[in-house]
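Single-structure report; data block below.
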Amino acid sequence: MNSLFDPIKVFLEKRENESSFISEERKEILLHFANEIRKLKLDQNYFEMIFVCTHNSRRSQVAQMFAFVCAEYLGLSGIGSYSGGTEVTSFHPNSVQALVKIGFKIEKEEEAENNPRYRVSYKENFLPIAAYSKLYSDSANPRGKFIAVMVCSSADEACPFVPGAGARISLPYSDPKEFDDTPQVIEKYLETCETIARELLFVMDHV
C-alpha cells in the first residue's frame, strides 16, 4: 500500500482510467519512453530523467513531480526525477497553486532574487523535493545516463542534443501560460496536470 497523500491518490485513480484519451501516435512515443526506462532499470536497477522546458517554470516542474507520484502509485522503485530549463526564471505560482489543489503540500523555503525555492511533499514521512527554476545542466541534476524529456517545443528545437543524456524523448505539452491572467487560469493549469499525469501513468505502467 503506497503512502501518497489521499487527494493525490484519488487524482491518479481518475487519470488511470483515461488512457483512451491518449492518441495512438502519442502512445507510441510514451511506449518508447517506457522502453528507455526499462533498459536503464535492467542495466543499473534505477532510472533518472530530466524534464526540460525553456523556463523550467510550468510543464517541466509539473512533470518532475508527477513522475515521482506515478511511480509511487504503481509501485515502481528506483526513480530519480529532475527538471531544468534552457533559461532560469521561477517555479510559476500558478503551477504551484495547481499542484496544491491536487493535494501536494508545498512550502516556500526562501525568497531568492525572484526565484524562490519550495519544498514539495507528496507522501508522509518522506524528504520533500527541492523545487526552483534551474538550467537542465545545473549541478543539482544528474550528469549522465539519464533520459532527457523535452516537454516544450521551443526547448525541443533549442536542444537537439542534451549532453550526458542516454536517451532523448520529445514529449511537448501545450503551455498553460497563455491563460495567465484569465478567468480560466487554474482550470487550464489543472488540465495540464491531468494530461501530464495521465501520460506518465501510462509510461510507468508499461515499464
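Which shape class, rounded, prolate or oblate, goes with the range 121-203 when its Cα gyration tensor gives a ≥ b ≥ c as root eigenvalues, a/c under 1.5 marks rounded, and past that a/b bigger than b/c marks prolate? Taking the square roots of the gyration eigenvalues as a ≥ b ≥ c, the range 121-203 is oblate. Note on the range 93-171: with neighbouring protein chains present and a 1.4 Å probe, carbon and sulfur make up 48 percent of its accessible heavy-atom surface. Compared with the direct C-alpha span, the chain from E191 to S3 gains 65.2 nm at full extension, assuming 0.36 nm per residue. Rounded to the nearest 500, the 222 nm mean residue ellipticity of the chain from helices alone is -13000 deg cm²/dmol, with -39,500 (n - 2.57) taken per DSSP H run of at least 4 residues.
Note that the range 128-145 has calculated 3J(HN,Hα) couplings of x, 8, 7, 10, 6, 6, 7, 6, 5, 8, 4, 5, 6, 9, x, 9, x, 6 Hz, one per residue in order, obtained from phi through the Karplus relation 6.51 cos²θ - 1.76 cosθ + 1.60 (θ = phi - 60°); glycine and proline are x. Calculated FRET efficiency, L42 to D181, Cβ-Cβ distance, R0 = 41 Å: about 0.30 to the nearest 0.05.
Note on T192: accessible area is roughly 20 Å² with a 1.4 Å probe, heavy atoms of protein only. Accessible surface for the chain, divided over its residues, is 48 Å² per residue with a 1.4 Å probe.
Subtracting the Cα-Cα distance of R117 and T89 from their residue separation scaled by 0.36 nm leaves 8.9 nm. Exceedance of the 20 Å cut-off in Cα-Cα distance is limited, within the set K14/K188; K14/K108; K9/K177; K39/K123, to K14/K108; K9/K177; K39/K123. When the alpha carbon coordinates of the range 53-145 are projected onto the principal axes, the ranges are 36, 33, 20 Å, largest first. Scattering from the C-alpha atoms of the range 39-83 alone, worked out with Debye: what is log10 I(q)/I(0) at q = 0.22 1/Å? Evaluating at q = 0.22 Å⁻¹ gives log10 I(q)/I(0) of -0.73. Taking only alpha carbon atoms, the chain gives an Rg to Rh ratio of 0.93, where Rh is the Kirkwood radius. Placing a label point 7 Å from the Cα of N17 along the Cα-to-Cβ direction, the residues of the range 171-200 whose backbone N falls under 18 Å from that point are 194-195, 197-199. Take every pair of alpha-carbon atoms less than 8 Å apart whose residues are at least six positions apart; their mean separation over the length of the range 63-207 yields a relative contact order of 25 percent.
The values are calculated or read from the model by the stated rules, or taken from the named source; none is laboratory data. From a predicted model like this one, the values you see are computed outputs, not experimental measurements. Backbone-built Cβ (ideal geometry, glycine too); neighbour counts: all protein chains shown. Just the protein is used for accessible areas: all its heavy atoms, side chains included, with ligands, DNA and RNA removed. Shrake-Rupley method; radii C 1.70, N 1.55, O 1.52, S 1.80 Å.
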